[in-house]
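**Student:** Okay, here's the structure, questions in a sec.
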């Protein structure tokens, strides 16, 4: 059993249209056929017709303030921006669950998420080797009008899937069992390798690599240095890295927003210009002069619709390439920031280890001098430098 949360959304109609019809093709973005749909069902809805479920769930989400008022609660609060939860349950290729078993698994998964009383649309697909079912749930409670909290929803489904496989008598995902055991013990989970490119915003959200490695960072010569002094130097290095990295990504985010806004504005102007020019003969001739194709001269004069659509598709393709290039440039810039601060962090660790070694050597020399002057066992402690705080640290804190 593999549960997968596809994400939160705003449109019940959009995700329902995707699940209740065949997969869209490049030349047909809105397919009308539904051959891949095995069966469909609803939960806590006044209709058994799947095509009406999306409209009813959308009406419930819009009526959330009225439902709160009828339930005796306060109708205020911030409006729920994404009331749609879409997730799927997939079985292995050698498994053949029937409709009853799939429905039971869906009900148990809704209970694990705390959505057993919420409206839901269930659609089973048979277009892949492995059986799977899609679940579209309404986060708004139809009784109270409150939105369900979905914190740790992936972990909830992971624990439920482990229990489901144990009930079936066979554990198919050993990695999930290991990760759940590590989570219960408070340890870091084991993650598989990923070759997908990381977007710069995702890099900023996930955090810096030295931050995850810092929990297990140790000096190379632990028996030859003063560990307390090394920890002091490492903490100062990490504070500098964290502040500088945050500032770097803040500047990158500001720059990226400006560049994306300029790109979208320019592309929208080009689309409007193409639509405006394609309505007149002179405008179509100007576009044709840019294209330099003699075969399309007659079509440009007559205003052939397929020719105009081809121009629009070419423009959209160029725009997609431009957006991909800009995202790639931002990702490369984010990786440069990560590499630069990681290199700085490693160099500061080397300096901290050298300073800790010097402190250890100084303590050893002072101990030998004290034993010669005052006898064995009498050692004068070496005062350690006070750790700067507030504005002295280079950022943050209260002003004096």
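**Student:** Hey, any hits in region 213-233 for a residue that's within 30 Å of residue 323 (Cβ to Cβ), modelled with pLDDT under 85 and touching a helix residue (DSSP H, G or I) at 6+ places or on another chain (Cβ under 7 Å)? Give the steps one after another, and end with the answer.
**Tutor:** At the first step, the residues of region 213-233 found to be within 30 Å of residue 323 (Cβ to Cβ) are none.
No; the residues of region 213-233 include none that is within 30 Å of residue 323 (Cβ to Cβ), modelled with pLDDT under 85 and touching a helix residue (DSSP H, G or I) at 6+ places or on another chain (Cβ under 7 Å).
**Student:** Could you say whether any residue in region 2-16 is over 27 Å from residue 153 (Cα atoms), surrounded by fewer than 17 Cβ atoms within 10 Å (Cβ to Cβ) and out of contact with any strand residue (DSSP E or B) (no Cβ under 9 Å at 6 or more places or on another chain)? Talk me through it step by step, then tell me what you get.
**Tutor:** Start the filter on region 2-16 by keeping residues that are over 27 Å from residue 153 (Cα atoms), which leaves none.
No, there is no match, as no residue in region 2-16 is over 27 Å from residue 153 (Cα atoms), surrounded by fewer than 17 Cβ atoms within 10 Å (Cβ to Cβ) and out of contact with any strand residue (DSSP E or B) (no Cβ under 9 Å at 6 or more places or on another chain).
**Student:** May I pose another question? I'd like to verify a number: residues in region 25-40 that are within 28 Å of the chain's Cα centre (by Cα) and touching a residue at least 12 places away in the same chain (Cβ under 8 Å), how many?
**Tutor:** Result for region 25-40: 1.
Residue-by-condition table, conditions (1) farther than 12 Å from residue 142 by Cβ; (2) modelled with pLDDT under 90; (3) more than 27 Å from the chain's Cα centre (by Cα):
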| position | (1), (2), (3) |
| --- | --- |
| 42 | yes, no, yes |
| 48 | yes, yes, yes |
| 55 | yes, no, yes |
| 59 | no, no, yes |
| 63 | no, no, yes |
| 71 | no, yes, yes |
| 83 | no, no, no |
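**Student:** Can you tell me which residue among 129, 55, 166 is over 23 Å from residue 18 (Cα atoms) and either exposed (fewer than 14 other Cβ atoms within 10 Å of the Cβ) or in contact with a helix residue (DSSP H, G or I) (Cβ under 6 Å, 6 or more places away or on another chain) (or both)?
**Tutor:** Sole residue among the options that is over 23 Å from residue 18 (Cα atoms) and either exposed (fewer than 14 other Cβ atoms within 10 Å of the Cβ) or in contact with a helix residue (DSSP H, G or I) (Cβ under 6 Å, 6 or more places away or on another chain) (or both): 166.
**Student:** Follow-up question, since we're still on this one. Which is farther than 21 Å from residue 332 by Cβ, assigned by TED's automatic domain parsing to the domain that holds residue 363, at pLDDT 85 or above and not in a loop (DSSP other than H, G, I, E, B), of 240, 254?
**Tutor:** So the residue among 240, 254 that is farther than 21 Å from residue 332 by Cβ, assigned by TED's automatic domain parsing to the domain that holds residue 363, at pLDDT 85 or above and not in a loop (DSSP other than H, G, I, E, B) is 240.
**Student:** Kindly check whether there is at least one residue in region 31-40 that is within 25 Å of residue 146 (Cα to Cα) and modelled with pLDDT under 95.
**Tutor:** no
The values are calculated or read from the model by the stated rules, or taken from the named source; none is laboratory data. Given the structure is predicted, the values throughout are model-derived calculations rather than measurements. All Cβ positions, even for glycine, are placed from backbone atoms using ideal geometry, and neighbour counts span all protein chains on display.
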